[in-house]
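The values are calculated or read from the model by the stated rules, or taken from the named source; none is laboratory data. Quick caveat, the model's predicted, so the values are computed rather than measured. Positions of Cβ are backbone-derived with ideal geometry, glycine not excepted, and every protein chain shown enters the neighbour counts. The accessibility values were calculated without ligands, DNA or RNA, using every heavy atom of the protein model including side chains. Shrake-Rupley method; radii C 1.70, N 1.55, O 1.52, S 1.80 Å.
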Amino acid sequence: VDTLARLDRMFARDAFSHLEDVQGVNMQVTLSDAVTGRELRLHGADVDLSRVAERIDLTMAGALEGRRDADLTLAIGRDAAQGVTTVDVRFDTLAARDLAAASPALARLALMRAPIDGQLTAAVSDDGTLGNFDGWIEIGAGDIEVPGQGAPLPFTTMAAELAYEPDTRRARIDRLRVVAPHLAFEGDGHADVSDDGTLFTGQIAVRDIM
C-alpha cells in the first residue's frame, strides 16, 4: 500500500502526467513485508504498471522462490480517490507453509506438507487494514500434522472455498472436499480466529462420508 501511495505522488508530478504504461520482462522482483520482515522473490518475472485516470494497476508474474517451485501472479489495483487497494494473488504448486504466512485465516496450512493451487483476493485500506478477502484452494497429495497424532496423516487431495471477515475475525469454509487413502467427505463450516492468529475455534458440518 505504501509503495502504491508513493506511485500516486509520482504520477501527480508534471513530468509523469502523460505516462500510461511501463513494462518489464525477465525481471527479478523482491516483495518485502515491513511488518513481518518476510520477503517474496520472483524470478524471470513480467511486470506491467499502468494508469488510467486516478487508478493504478500493477501486475507481476513469475517463478516464486520458496519451499517448492511455484508460479505466482500478483495483481494490485489502487484507486487513489477512494483510498483502497485491491490485491489478487494466483498461485500454482505453492508450498502450504508459504501460503500459511499470508494471513491469520490461513495459518493452519502450516501443518501441511503439500502443493497448493488457488486464488485469493483482498482489499486493503490506506492505513494497512486488511478488508474482507475470499478465494479458493486445491491441495495436492501430501500429509498433515494432527495434534495428538504421532505421525502425519496422508491425504490424496483437498479443496475448499475460503472467505475471511476481519471485523468478526471469522473464516468461512465452503465446499470443503477431502480425499484420503481410507476416508473421503465433504463439508462446510467456519472458524473464529484469535487476535494473535494462533487459535481457531469453530465447527464443520461433514456429509457424504465414504
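Remarks
- When restricted to residues that are more than 19 Å from Asp126 (Cα to Cα) and open to solvent by 20 Å² or more (accessible area, probe 1.4 Å), the stretch 63-85 contains 8.
- Listed by first and then second residue, the pairs linking a residue in the stretch 112-125 that is within 17 Å of Thr86 (Cα to Cα) and without any contact (Cβ under 8 Å) to a residue 40 or more places away in the chain to a residue that is open to solvent by 20 Å² or more (accessible area, probe 1.4 Å) and polar (S, T, N, Q), with Cβ atoms under 6 Å apart and 6 or more places separating them unless they lie on different chains, are Ala123/Thr86.
- Selection within the stretch 121-133 - modelled with pLDDT under 90 and assigned to a strand (DSSP E or B): Ala122, Ala123, Val124, Ser125, Leu130, Gly131, Asn132, Phe133
- For the stretch 77-103, filtered to residues that are outside any strand (DSSP E or B) and in contact with a Lys or Arg (Cβ under 8 Å, 6 or more places away or on another chain), the residue that is farthest from Ile116 (Cα to Cα) is Ala80.
- Looking only at the stretch 170-210, and only at residues there that are open to solvent by less than 60 Å² (accessible area, probe 1.4 Å) and not in a strand (DSSP E or B), the one that is nearest to Gly118 (Cα to Cα): Gly197
- Scanning the stretch 42-57 for residues that are open to solvent by 40 Å² or more (accessible area, probe 1.4 Å) and more than 28 Å from Asp79 (Cβ to Cβ) yields a total of 1.
- Positions within the stretch 86-97 being open to solvent by 20 Å² or more (accessible area, probe 1.4 Å) and under 18 Å from Ala141 (Cβ atoms), in sequence order: Asp92, Thr93, Arg97
- Met60 vs. criteria under 25 Å from Arg9 (Cβ atoms), open to solvent by 50 Å² or more (accessible area, probe 1.4 Å) and at pLDDT 90 or above: no
- Per the listing Leu74, Leu40, the residue uniquely assigned to a strand (DSSP E or B) and at pLDDT below 80 is Leu40.
- Selection status of Val146, assigned to a loop (DSSP other than H, G, I, E, B), at negative phi, open to solvent by 20 Å² or more (accessible area, probe 1.4 Å) and in contact with a Leu (Cβ under 9 Å, 6 or more places away or on another chain): yes
- Considering Ala110, Ala191, Ala180, the condition of being more than 30 Å from Asp57 (Cβ to Cβ), of a type outside the set (D, E, K, R) and under 15 Å from the mean Cα position of the chain (by Cα) is satisfied by Ala110 alone.
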